[in-house]
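Peer 1: Once you've had a glance at the structure underneath, I'll fire off some questions.
Derivation of every value follows stated rules applied to the coordinates shown; laboratory data play no part. Because the structure is a prediction, the values reported are computed rather than measured. When we count neighbours, we look across all protein chains shown, and the Cβ atoms used for this are built from the backbone with ideal geometry, even at glycine.
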Amino acid sequence: MKYDKIVTGRFISRPNRFIANCLVDGRTETVHVKNTGRLKELLVPNARVYLELSDRPGRKTRYSLVTVRKGERLVNIDSNAPNRVVADALRNGRLKLPGMPVIDYIKTEKDFGNSRFDIYLEGDGRKAFMEIKGVTLEKNGIAMFPDAPTERGTKHLHELIAAAEGGYMAYIMFVIQMKGVRYFMPNDEMHKAFGDALRLAANHGVNIIAYDCNVEPDGFTLADPVEVVL
């Protein structure tokens, strides 16, 4: 995916989950943050940030913060981007799923039980549900999820287990919104219940997949599989 208009700035502060103050062309701008996670290791004072300029009339903020530079690494923090790039990769055949080599039908957002999953798939006589999680947290080269407690994410895992036991293919895909990590693992220190649910899901037929991404200031694409360590 590509962003239309990108400008460079410096992070100043984050008054709440939804907005940040950034220095852009010598002036302070209030910008929309396209991720409600903590992002504490990314949004540090004076961090170089990349902002998407919006032309939409009536919008309160002119810019959306989409990418942050962390050392030599660019990290995309747009929480909408993972769903888009995965759906595109499935549609054009660049992403092959274990146990489901042929995909004939793709629908974004479909209900199952008490959850709404990101993607529903059909192919070769099989039906599948997929949940997608964007990963922005990296420690010592290890990608980790979540960066904040997620009861909703834990609930999704239990619903995926129910789907697998009901005869569906079930997938959870972690889209690591950066390049160059060594492997992925659940962040038990932040939310052990999620890690426990992920391990339970793996033992009940849910496919756990992780991919990293090529990130540029104005773009974001799915790249390569990353080892999952549970």
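Peer 1: If eta is 0.692 mPa s and T is 37 °C, what Stokes-Einstein diffusion coefficient results for segment 132-193, Kirkwood Rh from Cα pairs, in µm²/s?
Peer 2: Result for D is 261 µm²/s.
Peer 1: Percent relative contact order of the chain, based on C-alpha pairs within less than 8 angstrom and at least six residues apart? Intermediate values should be presented prior to the final figure.
Peer 2: Numbers: 514 pairs, mean separation 37.7, N = 230.
About 16 percent, as a whole number.
Peer 1: Per DSSP H run of n ≥ 4, the term is -39500 (n - 2.57); total these for the chain, divide by its residue number, and report the mean residue ellipticity at 222 nm rounded to 500 deg cm²/dmol.
Peer 2: -5500 deg cm²/dmol
Peer 1: For volume of the Cα convex hull per residue in Å³, which listed value, (1) 112; (2) 139; (3) 128, comes from the coordinates shown?
Peer 2: (3)
Peer 1: Under unit Cβ charges (Lys, Arg +1; Asp, Glu -1), what dipole magnitude, rounded to 20 debye, does the chain have relative to its Cα centre?
Peer 2: It comes to approximately 720 debye.
Peer 1: Report the FRET efficiency, 1/(1 + (r/R0)^6), for Asn140 and Asp88, where r is their Cβ-Cβ distance and R0 is 22 Å, rounded to 0.05.
Peer 2: 0.10
Peer 1: Which loop-located trypsin sites (Lys or Arg not before Pro) does segment 1-41 contain, where loop means any DSSP state but H, G, I, E or B and the Cβ has at most 14 other Cβ atoms within 10 Å?
Peer 2: On the way: sites: Lys2, Lys5, Arg10, Arg17, Arg27, Lys34, Arg38, Lys40; in loops: Lys5, Arg17, Lys34, Arg38, Lys40.
Sparse-neighbourhood loop trypsin sites (Lys or Arg not before Pro): Lys5, Arg17, Lys40.
Peer 1: Separate question: If you put +1 on each Lys and Arg Cβ and -1 on each Asp and Glu Cβ, how big is the dipole of segment 73-173 around its Cα centre, in Debye rounded to 20?
Peer 2: Details: 14 positive and 14 negative charges, 43 e Å.
In debye, rounded to 20, segment 73-173 gives about 200.
Peer 1: Go through Leu90, Thr150, Leu43 and say which Cα lies farthest out towards the positive end of the charge dipole of segment 13-166; charges sit on Cβ, +1 for Lys and Arg, -1 for Asp and Glu.
Peer 2: Leu43
Peer 1: Same structure, new question: With a cut-off of at most 15 other beta carbons within 10 Å, and DSSP calling the residue loop, which GluC sites (Glu not before Pro) in segment 1-55 qualify? Please list them.
Peer 2: For GluC sites (Glu not before Pro) across segment 1-55 that sit outside H, G, I, E and B with at most 15 neighbouring Cβ atoms in 10 Å, the list reads Glu41.
Peer 1: To the nearest 10 degrees, how steeply does helix 81-91 sit against the main Cα axis of the chain, on a 0 to 90 scale?
Peer 2: 40
Peer 1: Using each residue's phi in segment 215-230, evaluate 6.51 cos²θ - 1.76 cosθ + 1.60 at θ = phi - 60° and report the 3J(HN,Hα) Karplus result to the nearest Hz, with x for Gly and Pro.
Peer 2: With coefficients 6.51, -1.76 and 1.60, one gets 10, 10, x, 10, x, 7, 9, 5, 10, 10, x, 10, 4, 9, 10, 9 Hz.
Peer 1: So for segment 81-225: antiparallel DSSP bridges make up what percent, rounded to the nearest 5?
Peer 2: 55
Peer 1: How high is the relative contact order of segment 73-205? Use alpha-carbon pairs under 8 Å, at least six apart in sequence, and give a whole percent.
Peer 2: For segment 73-205, the relative contact order is 24 percent.
Peer 1: Mind scanning Lys110/Lys155; Lys40/Lys139; Lys2/Lys40; Lys2/Lys34; Lys40/Lys155; Lys155/Lys192 and naming the pairs with a C-alpha gap bigger than 20 Å? Walk me through the numbers before you get to the answer.
Peer 2: Values: Lys110/Lys155 15 Å; Lys40/Lys139 12 Å; Lys2/Lys40 26 Å; Lys2/Lys34 15 Å; Lys40/Lys155 25 Å; Lys155/Lys192 13 Å.
As for pairs spanning more than 20 Å Cα to Cα, those are Lys2/Lys40; Lys40/Lys155.
Peer 1: Next up: Between segment 73-117 and segment 141-167, how far is it from one alpha carbon centroid to the other, in angstrom?
Peer 2: Segment 73-117 and segment 141-167 have Cα centres spaced 15 Å from each other.
Peer 1: Rank these for me by crowding, Phe11, Phe117, going from fewest to most other beta carbons within 10 Å.
Peer 2: Phe11, Phe117
Peer 1: Calculate how steeply helix 151-165 sits against the longest principal axis of the alpha-carbon atoms of the chain, using the helix alpha-carbon long axis, and give the answer as 0 to 90 degrees to the nearest 10.
Peer 2: Taking Cα atoms only, the helix is inclined about 20 degrees.
Peer 1: Please give the residues of segment 120-164, grouped as numeric ranges, whose backbone N is less than 15 Å from a label point set 7 Å along the Cα-to-Cβ vector of Glu41.
Peer 2: 135-149
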